[in-house]
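Heads up, the thing below is written out as structure tokens.
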Amino acid sequence: MALSPPRLLAAYISLICLLRVTFHLGETSTGPLMLACIVAVAALQLPISLSGGRRAVLVIPQIVLNWLPLVAGAGAGEWRGGGSGFVVASMLLAVSGPWAWSLVALIVVVEGGAAIMLDLPPVLIYYAIIAPINGGLILYGLSRLVDLVDRAGRERAELAARAGEVERLRLWGHVHSLVVSSVSAVERLARRERDPEAIRRAVAIAREALQRVRSLPAAEAAVPVPSGGDDPRVLRLATPILVVTHALSIGQSIFNFAADAGLGLGSGHAAYMALLPVTLALQFWHLAALRAGTRPRWLAWTLAAQAVAIYAPLLQGDAYGLAVSGFFAGVVLLCVRGLVAWPLCVVICAVAALESWPRGPAVAVYQVCGALATALAVHGLTRLAALVIELGRTRAELVEVTALRERIKVGRDVHDLLGRGLTAIVLHAELALRLLRADPVRASEQLERVADAARAALTDAARVNVPGHRLSLAAELDSARAVLESTGAIVRIEATSVAGPAGSVLAVVLREAVTNVLRHSTPYECVIEIAVEDGHVRLRVTNDGASHELGEPGAGLRNLRARLAAVGGELTTTRTGDRFELLARTPDDHEDLTPTR
């Protein structure tokens, strides 16, 4: 069970605060001002890390509280240095560019200078210099993890909408260009009534345009994937932060070893120093594999080897190896699956507390807090690097899927909304071509209808991508009558007035139903009925003269079924002899999901 990034951040801040409090409680000279300032600085850190652009307001009081004990004269009695990690993280979060790192360097100089001026031991001077860097970088990384996850959630819908809009505009531009150029060419050629070659060319252009409109628009180019802002910067910093954290801990161990002049090379400290490279080599082996998204080979054996390298010096009575047990606990959190990971991590950290218990409860609490904080840092920063990489892949996949969905949706809308006009052009042009020699007068009439259908198709192409434009059922009824009667069919319409979303959906259904009649029938009679019953609007289109071609339902009927199913409606078709019936039912109060183009 993994902690969410905000909880992980809060847990890390709480542990560091508790660690500093227990450290100062072990000092007899610590007063209430120091403890109060430690708690207040930590309390301000959580809103600073989570508040985004508003964090700068809280940084100034945090800086004041951080150094108040030193300025107020607590000085040599209470000040131990190294407690400015929160301020370092706040600077990196609130200030951008080179200024941030300049301020971090200034903080480190102030900490080190104060430790030197207070004549602290060399070990504490070193700690005063590295602790702000170490803690600040870790906290900055964990805060960026929270920002990244939060932004990923916000960006998801925005990115999908943006990718869909890019693809929609590209496809509709392609379709509009195709329809306008093709239909305009057909209209020009139709004026040359006595030129058979011109009419054949018009038929060929109209057929090609219809075929291309009825097929799914091709993806001519990949939709660009927006970058993740400062994701590359976060990714560049995540791994160095881990490396620097480990390196500083090594430096602390070496410094402690060198400072302990009373111990010789045969001591347990020397054994620990000899095993330290092995411990860290295994540590980075595990982290590198996890960062690459793979499970380390021979994981059980390498974890066991790392445990031996850490705990073997205990056999000689030396507990120095426990200083890096927090790093090991972090690897366990990342590598061990299931409910065992967290209890095992706590046990690893508790070993350090048990070893130091004879020196007092405060020291034991300090040890366990330090180990747990380190484990959370390793866990969080490794997840941060993995999350940045995964987020980049997710962006690309989301854009690709959204573009594909939009392509399918646009293809469906083009098929449903522009197919009828182009079908009418093809039918009238083909009939005119057949009549050109046998009956020039009727051929001329058909060519006039080609011109009318072309102008109507151009109007549809101009309106179809206008935001907010919806088909009118009443207008579609008039258009259906005109188109069907132009083929010589008798049209009977019995329609109840329908308004609202149901009317818009059924207008699309009616348009495709008429297209279906034109393409697959030579009707003598076509009956269109619209009625309202039991909270549903029913549209029935019946025609005779249906062709005897068999096969699966075409894209048009599949589109209509999907469109009606999305609003709780249904579509059925029935064929009896040469009669074909299409029946559509939709709720009269559903949410409007009709294309707004």
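Points worth noting:
- Condition met for Ala238 (at pLDDT below 70, of a type in the set (A, V, I, L, M), open to solvent by less than 50 Å² (accessible area, probe 1.4 Å) and over 18 Å from Ile130 (Cβ atoms)): yes
- For the range 295-315, the count of residues that are modelled with pLDDT of 80 or more, closer than 23 Å to Val21 by Cβ and in a helix (DSSP H, G or I) is zero.
- On inspection, Leu25 fails the criterion of being at pLDDT below 85, in contact with a Pro (Cβ under 6 Å, 6 or more places away or on another chain) and open to solvent by 40 Å² or more (accessible area, probe 1.4 Å).
- One residue stands out among those in the range 35-78 that are modelled with pLDDT under 85 and touching a Phe, Trp or Tyr at 6+ places or on another chain (Cβ under 8 Å): the one that is surrounded by the fewest Cβ atoms within 10 Å (Cβ to Cβ), which is Leu70.
- Contact map, the range 566-582: residues that are open to solvent by 60 Å² or more (accessible area, probe 1.4 Å) paired with residues that are β-branched (Val, Ile, Thr) and in a loop (DSSP other than H, G, I, E, B), Cβ distance under 7 Å, separation 6+ or inter-chain. No pairs are found.
- Yes/no for Thr515 being in the same structural domain as Arg558 (by the TED database) and surrounded by fewer than 17 Cβ atoms within 10 Å (Cβ to Cβ): no
- Scanning the range 486-511 for residues that are surrounded by 13 or more Cβ atoms within 10 Å (Cβ to Cβ), over 46 Å from the mean Cα position of the chain (by Cα) and not β-branched (Val, Ile, Thr) turns up Ser486, Ala489, Ala495.
- Residue that is modelled with pLDDT under 90, of a type outside the set (Val, Ile, Thr) and farther than 25 Å from Ala429 by Cβ, where the choices are Ala566, Ala584: Ala566
- Residue satisfying all of: in the range 96-111; open to solvent by 40 Å² or more (accessible area, probe 1.4 Å) and more than 22 Å from Tyr126 (Cβ to Cβ); modelled with the lowest pLDDT among these: Ser96
- Scanning the range 84-95 for residues that are in a loop (DSSP other than H, G, I, E, B) and either surrounded by fewer than 23 Cβ atoms within 10 Å (Cβ to Cβ) or modelled with pLDDT under 80 (or both) gives a single hit, Val95.
The values are calculated or read from the model by the stated rules, or taken from the named source; none is laboratory data. Keep in mind that what you see is a predicted model, and the values were worked out from it rather than measured. With ideal geometry, Cβ positions are generated from the backbone for all residues, glycine too; neighbour counts draw on all protein chains shown. Heads up: the accessible areas ignore ligands, DNA and RNA and are worked out on the full protein's heavy atoms, side chains in. Shrake-Rupley method; radii C 1.70, N 1.55, O 1.52, S 1.80 Å.
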